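Just so it is clear, none of the values below were taken in a lab; they were calculated from the coordinates. On a predicted model such as this, the values are computed, not experimentally measured, just so you know. All Cβ positions, glycine included, derive from the backbone under ideal geometry; neighbour counts span all protein chains shown.
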Amino acid sequence: MPASPKKERILVVDDSAATLEVLQRNLAAAQYQVFSAQGVPDAIEILTGIQIDLVITDLKMPKVSGLDLVRHVRENFKDTEVMMITGYPSIEGAVIAVKTGAEEFIAKPFTDDELLCAVQRALDKLKVHRSGHIALDQAGSIHKGFIADSKIMHQVFTAIGKASGTSATVLISGESGTGKELAARAIHYAGSRSSAPFVPVNCGGIPETLLESELFGHVKGAFTGAVDSRAGFFHAADGGTLFLDEVSDMSPAMQVKLLRVLQEKEICMVGSSRTRKVDVRILAATNKDLQRLVKKGLFREDLFYRLNVITIVMPPLRERDDDVLLLARHFAAKFSKGLDKSSPSFSDKALRCLRDYNWPGNVRELENVIQRLVVMADGNLIDVPDLPSLMRFSALRRTGFNRSLAEVEAEYISNVLASVEGNKTRAAAILGVDRKTLRQKLKTMQDPSS
């Protein structure tokens with residue numbers, strides 16, 4: 001099956017007909033849309049009439065040089081990248097080309113791979129530039145409360161749409177900070193229960209001794225301190241949706257009780273012997289691998305299958321292409337408005353750093369970083385030196401395969417802590433360990449002999 005044509009339009013400019021023919025043939029074979037010109041005047045005419053993504057120009061041409069074309073493109077077409085080729089390679093020529101505005105510079109003769117790699121690098125830089133300046137109210141960037149336009153998130157939106165049309169139980173999985181509760185809200189408010197309550201419960205944030213009472217309610221005198229009868233979250237969500245976040249943190253005893261509710265559609269308040277029917281849709285979320293916990297005997301297999309009727313996996317931010325740039329612009333505008341100041345812009349290099357960073361804390365980490373940048377920024381342009389140190393290149397940072405496992409682990413733990421501004425509870429959740437384990441690791445990092 002032939003490859004589908006790419007959308008990128010490339011203009012090649014060279015006074016040599018033979019070179020033009022080679023460039024056109026190679027780029028067309030790679031499925032790019034190719035236009036050609038044998039001089040700068042013809043190139044400018046094409047640029048004026050057609051939206052070109054990348055201009056590939058020779059340096060030495062009669063009458064008007066390639067450098068003049070580069071300068072013309074840079075000052076007249078902000079959404080077009082430039083790549084320069086030349087048969088007269090020199091360090092000085094490369095420096096001048098880059099300073100003038102060429103993103104890539106390759107010398108003749110070049111291989112097909114060298115050409116296509118340089119083209120891809122230039123187009124990648126264009127993508128970063130464009131993504132960083134997309135207006136947030138542009139159609140396609142906001143879906144179901146998410147700021148996103150990546151292919152993987154469109155798959156999530158499709159799954160949310162299908163899940164909202166049923167009353168089935170949904171299990172939403174994903175790393176901390178990926179938007180699991182936002183997905184649950186989208187399912188609820190797009191479904192038939194949208195006018196009824198949506199009740200979120202953080203199972204990991206409620207002590208085990210209180211969770212049963214909080215979920216099912218209790219009658220007066222059920223335990224010490226129960227001076228009055230009190231309804232639980234299931235009562236509050238009757239007719240609507242109950243969102244059980246971090247359901248994997250439930251104790252085995254609570255898992256049994258939840259399984260009974262899912263099977264019988266009825267609850268029993270703590271201290272009472274009477275049951276009550278409830279009409280509640282359950283949406284559950286976890287940042288752990290429940291199937292792995294089932295195999296270890298830490299989570300009930302029958303409860304897992306009850307919860308896992310429909311599965312939605314929230315992708316980490318590092319897999320969402322340029323959504324990070326859309327989100328960065330969104331958060332910058334949000335926090336700037338709160339501070340009554342104009343929203344800062346980002347340099348292309350800063351946007352590249354944001355896009356290429358691994359984001360262990362996902363969207364929550366990005367939001368924290370952008371808030372700090374907006375608050376601390378001196379001017380109206382955020383550049384690479386303004387970014388947190390762990391996002392910037394360091395010639396002194398040890399890399400490669402000459403580090404011990406302890407060193408790599410210590411660096412990663414430090415980076416995660418920095419991403420959540422030192423919040424050990426959130427850092428432990430991202431790392432997949434409990435606070436006690438994290439405290440011990442931090443103690444060892446500070447004193448390796450301990």
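Once you keep just the Cα pairs under 8 angstrom separated by 6 or more residues, what percentage relative contact order results for the chain?
12 percent
If you put +1 on each Lys and Arg Cβ and -1 on each Asp and Glu Cβ, how big is the dipole of the range 286-335 around its Cα centre, in Debye rounded to 20?
Taking the Cα centre of the range 286-335 as origin, the dipole is about 240 debye.
How long are the semi-axes of the equivalent ellipsoid of the range 146-201, defined as square roots of 5 times the Cα gyration tensor eigenvalues? Whole Å, largest first.
Here the semi-axes work out to 19, 14, 10 Å.
Quick one: give the max-minus-min coordinate of the C-alpha atoms of the chain along each principal axis, largest first, in Å.
Principal extents (largest minus smallest coordinate, Cα): 96, 58, 49 Å.
Name the residue from Pro388, Val433, Ser343 whose Cα lies farthest towards the positive end of the charge dipole of the range 318-446, charges +1 on Cβ of Lys and Arg and -1 on Cβ of Asp and Glu.
The residue sitting farthest along the positive end of the dipole is Val433.
Report D for the range 189-279 in µm² per second (integer): Stokes-Einstein, Kirkwood Rh on Cα pairs, 20 °C, 1.002 mPa s.
Estimated diffusion coefficient is 157 µm²/s.
If you find the alpha carbon centre of the range 38-91 and of the range 306-354, how far apart are they in angstrom?
Taking the Cα centre of the range 306-354 as reference, the centre of the range 38-91 is 34 Å away.
Note the per residue figure in Å³ for the convex hull of the C-alpha positions in the range 151-313.
It comes to 108 Å³ per residue, whole-number rounded.
May I ask what percent, to the nearest 5, of DSSP beta bridges between residues of the chain are antiparallel?
That works out to approximately 15 percent antiparallel.
Considering the Cα positions of the range 318-446, please state its Rg to one decimal place and its Dmax as a whole number of Å.
According to the Cα coordinates of the range 318-446, Rg and Dmax are 15.9, 49 Å.
Of Leu325, Leu381, Leu405, which is the most mobile in a GNM of the chain whose springs link Cα atoms less than 10 angstrom apart?
The residue with the greatest mean-square fluctuation here is Leu405.
Which residue, chosen from Met84, Pro252, Ser164, occupies the Cα position most advanced towards the positive end of the dipole of the chain, where the dipole is computed from +1 (Lys, Arg) and -1 (Asp, Glu) charges on Cβ about the Cα centre?
Toward the positive end, the furthest listed residue is Pro252.
Using a Gaussian network model of the chain with C-alpha springs under 10 Å, which one of Ala118, Ala183, Ala148 is most mobile by mean-square fluctuation?
Ala118
For the range 281-384, report the translational diffusion coefficient in µm²/s to the nearest whole number, using Stokes-Einstein at 20 °C, 1.002 mPa s, and a Kirkwood Rh over Cα pairs.
In µm²/s, the coefficient is 132.
Test of understanding: in a Gaussian network model of the chain with alpha carbons linked when under 10 Å, which of Ala237, Ala226, Ala37 would top the mean-square fluctuation ranking?
Fluctuation is largest for Ala226.
Computed from the mean reciprocal separation of all distinct C-alpha pairs, what Kirkwood hydrodynamic radius does the range 227-290 have, in Å?
12.8 Å
Among Thr86, Thr57, Thr275, which comes first, second and so on when ranked by fewest other beta-carbon atoms within 10 Å?
Exposure proxy ranking, most exposed first: Thr275, Thr86, Thr57.
Too long at a 20 Å Cα-Cα cut-off: which of Lys127/Lys349; Lys265/Lys295; Lys296/Lys441; Lys78/Lys127; Lys144/Lys180?
Cα-Cα > 20 Å for Lys265/Lys295; Lys296/Lys441; rest within.
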